[in-house]
Amino acid sequence: MARVRMLMTAGAATLAALIGAWPAAAQNKPSLTVGAIYVGSVNDYGYNRAMKDGLMEMQKNIPGTKLIEAENVPETAESERIMEGMIQQGAKLIFATSFGHQQFAFNLAKTHPDVVFEHAGGWMQAPNFGNFFGATQAAWYAMGVAAGKMTKSNTLGFVVGVPIGFAIGNVNAFEMGARSVNPKAQTRVVVTGGWADKPKEVAATNALIDQGADVLTMHVDSPATVVQAAESRAAYSIGFQSIEARQLAPKGWLTGLGFTWGPFMTATANSVIAGTFKPAMVRQGLGEAMMAVAPFGAAVPGDVRELVTAAADKIEKGFNPFTGPITDNTGVIRIRDGESWDGSKNGRVRLVRRRRNRQGKIARANSWRSTAQP
């Protein structure tokens, strides 16, 4: 079990400033103690880094906020014990940031009705328990546009941790975006079987490059391994989770998608302070600023930047790439003409094929072919 490292930070105001501004601070900027647990390291350039950045923005936006954090928290009863400890230190708002933390956070919500919980990616709700996540799938269409224009081999590589519907929808949108600008583009996929398996992610990246992929992307917790492996072999990369991964590929970085949790976390904290919190299932994307397109790399020419930006703008305004007619990888029309699917359905159709061998090892990646009309 990874060692859990506890961190505690407080607002930057000095004691003298707090004393001098006490009447105004007491009325306008109430203090709040916020707890947060991460499933991995906040230095992963990915999922956990994005969560950390969001909380730091929240803390900056609400002076006097106290933040208690724990990294490498397993998705077991240990997470419940750690969150309980945060409550005992005065936390009135807790962000449980990994899917497997949901039940343990919900257990505590029952026994601590005066504490608000926000869980990332789940579905449970209670008067003091909400959940949130980014609406990523449509946004991946714009990443496909970048890949489709930049590839020279017409072969794209996608490393997927676990082939849940959410991830399948991301790959489908990526494929459709690529083919909207390059009908010859084909996406090859390797499934590693886990969200944070660096050796398999390296092997998957190399396998895809060996099969001709010259643009690599991923849906795993940290993009760092795939981005660095692609960079070492002079391939392009597109990041996911945090926009900070661009630092790892000065030559091959194209762009990426990153979660921008700060506004949501700030609004949630303010609602707790004001006593107006209401639980909801929040799913927001580029249009609501819960996601952002990462800065372009130096390798991306101006015309490609314009195309990707235009695609992202179209998505922000409501464009849904999952609008029929769309045919799956067996030739069956799954989304009829004029019909549109939302994020809850987008993983139900496989536009492409994937394969793993019986031992769970990485097998040869098959081409994912889409006959969708963008």
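The values are calculated or read from the model by the stated rules, or taken from the named source; none is laboratory data. Computed from a predicted structure; not experimentally measured. Ideal geometry is used to build each Cβ from the backbone, glycine not excepted, and the neighbour counts take in all protein chains shown.
Note on the stretch 258-287: residues that are without any contact (Cβ under 8 Å) to a residue 12 or more places away in the chain and within 26 Å of residue 320 (Cβ to Cβ) amount to 1.
Checked against the criterion of being touching a Gly at 6+ places or on another chain (Cβ under 6 Å), in a helix (DSSP H, G or I) and surrounded by 21 or more Cβ atoms within 10 Å (Cβ to Cβ), the stretch 115-129 contains not a single residue that satisfies it. Taken over the stretch 324-339, the criterion of being buried (at least 17 other Cβ atoms within 10 Å of the Cβ) and not acidic (Asp, Glu) is satisfied by 326, 327, 329, 334, 335. Evaluation of residue 267 against the conditions (1) closer than 18 Å to residue 133 by Cβ; (2) touching a strand residue (DSSP E or B) at 6+ places or on another chain (Cβ under 9 Å) shows that the sole unmet condition is (2). In the stretch 301-312 there is no residue matching the filter, namely being modelled with pLDDT of 95 or more, in a helix (DSSP H, G or I) and farther than 30 Å from residue 227 by Cβ. Restricting the search to the stretch 224-273, which residues are buried (at least 24 other Cβ atoms within 10 Å of the Cβ), in a helix (DSSP H, G or I) and among the polar types (S, T, N, Q)? Within the stretch 224-273, just 225 meets the criteria. Among the candidates 252, 318, the residue that is of a type in the set (Gly, Ala, Ser), within 24 Å of the chain's Cα centre (by Cα) and on the phi > 0 side of the Ramachandran plot is uniquely 318. Of all residue pairs spaced 6 or more apart or on separate chains, those with beta-carbon atoms under 8 Å, a first member in the stretch 306-330 that is more than 14 Å from residue 288 (Cα to Cα) and a second member that is assigned to a helix (DSSP H, G or I) and among the aromatic types (Phe, Trp, Tyr) are 311/141; 321/141. Restricting attention to the stretch 90-133, the residues that are free of Cβ contacts under 8 Å to residues at least 60 places away in the same chain and not small (Gly, Ala, Ser) total 16.
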